[in-house]
Amino acid sequence: MDKEILASAVFRTMFNHDGFSQWLGIECMESKPGRSVLRMTVRKEMLNGFGIAHGGITYSLADSALAFASNSHGRKAVSVETSISHTEPLVEGDEITAIAEELSLSNKIGVYQIKVIRTDGKVVALFKGTVYRTAKTWFPANETELNE
């Protein structure tokens, strides 16, 4: 199976079972091996008592981008460590994009950096995630192809 087709198939399979990412209103802009670009809009119910987006919103968007990017090679991966720095506040109506990029990939560990950017170009959060790559694949019938 072509690597880009595989990445897209993994995204669709994961997203169809991911009620939380659906609730966030995430749209997939790009899904490639080791890379994921997601977009969403901040809604009123996502604001905290200060009238700005709850930190969990950008964290959740970045975490979803991590999940899709790290699973895009066809092997099931789960996060083992993540961190985020919030650099700018967000308000209702802000559209944000998370860009996940693979920094390092080995047989068992993957490291990713995710930038969350507002439409005005400002970086609003920086997220780093480390994942454990299991031996399980998303499409077991294609395991021979995936290991080639």
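The values are calculated or read from the model by the stated rules, or taken from the named source; none is laboratory data. Predicted model only: the values in this text are computed from it and were never measured. Positions of Cβ are generated from backbone atoms using ideal geometry, with glycine treated the same way; all protein chains shown enter the neighbour counts. Side chains are part of the model used for accessible areas, which takes the heavy atoms of the whole protein and leaves out ligands, DNA and RNA. Shrake-Rupley method; radii C 1.70, N 1.55, O 1.52, S 1.80 Å.
Odds and ends about this structure:
- Selection status of V80, touching a residue at least 12 places away in the same chain (Cβ under 8 Å), open to solvent by less than 30 Å² (accessible area, probe 1.4 Å) and either hydroxyl-bearing (S, T, Y) or in a strand (DSSP E or B) (or both): no
- Output for the stretch 40-81, where each listed residue is under 14 Å from T134 (Cβ atoms) and among the basic types (K, R): R75, K76
- Test: residue in the stretch 123-140 that is under 20 Å from L6 (Cβ atoms), under 13 Å from the mean Cα position of the chain (by Cα) and not in a helix (DSSP H, G or I): yes
- Residues located in the stretch 11-43, provided they are assigned to a helix (DSSP H, G or I), closer than 20 Å to T97 by Cβ and more than 12 Å from the chain's Cα centre (by Cα): R12, F20, Q22, W23, L24
- Residues in the stretch 83-117 that are under 23 Å from A7 (Cβ atoms), open to solvent by less than 50 Å² (accessible area, probe 1.4 Å) and β-branched (V, I, T): I96, T97, I99, V111, I114, V116, I117.
- Residues located in the stretch 44-70, provided they are open to solvent by 60 Å² or more (accessible area, probe 1.4 Å), of a type outside the set (K, R) and in a helix (DSSP H, G or I): E45, Y59
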